[in-house]
């Protein structure tokens, strides 16, 4: 499979990340735009009580590679990751925290 057709799924569990979620989306979109692979960003809203899901949903109008799965309540970080992996359609899956504690970068 050549790199131009590879799809990488990035799974991001989200719980009350309203303050930084737009920065996360912008950072990931900027990073993935410069990579040879295609990317899908799968945000799993784990029952947030803030506007996290609304902000992610709004960004879908501008970024067709963003997907949002919303839980009806908080099920926990590990179940959010599991749901994201099951929802992913990529050739590989990367799990990241939505707070950019570990920012995306490519050290080659």
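Since every read-out is calculated from the coordinates, none of them should be taken as a lab result. Predicted model only: the values in this text are computed from it and were never measured. Cβ placement follows ideal geometry from the backbone for every residue including glycine, while neighbour counts extend to all protein chains displayed.
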Cα centroid separation - segment 79-108 against segment 19-51, whole Å: 10
Extension gain (nm, one decimal) between residue 54 and residue 31, 0.36 nm per residue minus Cα-Cα: 6.0 nm
If r is the Cβ-Cβ distance from residue 23 to residue 102 and R0 is 22 Å, what FRET efficiency results, to the nearest 0.05? 0.95
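Looking at the square roots a ≥ b ≥ c of the eigenvalues of the Cα gyration tensor of segment 1-96, which shape do they give, rounded for a/c under 1.5, prolate if a/b is larger than b/c, or oblate?
On the way: a/c = 2.36, a/b = 1.45, b/c = 1.63.
Oblate, because a/c is 1.5 or more while a/b does not exceed b/c.
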Tell me the angle of helix 77-87 to the major Cα principal axis of the chain, expressed in degrees between 0 and 90 and rounded to the nearest ten. 50
Give me 50, 26 ranked fewest to most by other Cβ atoms within 10 Å of their Cβ, as a rough exposure proxy. 26, 50
Taking Cα pairs closer than 8 Å and at least 6 residues apart, the relative contact order of the chain in percent is 41
From DSSP H assignment alone, runs of 4+ in the chain each adding -39500 (n - 2.57), the sum over residues rounded to the nearest 500 puts [θ] at 222 nm at -9000 deg cm²/dmol
Could you tell me how many degrees, from 0 to 90 and to the nearest 10, lie between the Cα long axis of helix 21-33 and the main elongation axis, the longest principal axis, of the Cα atoms of the chain? 10
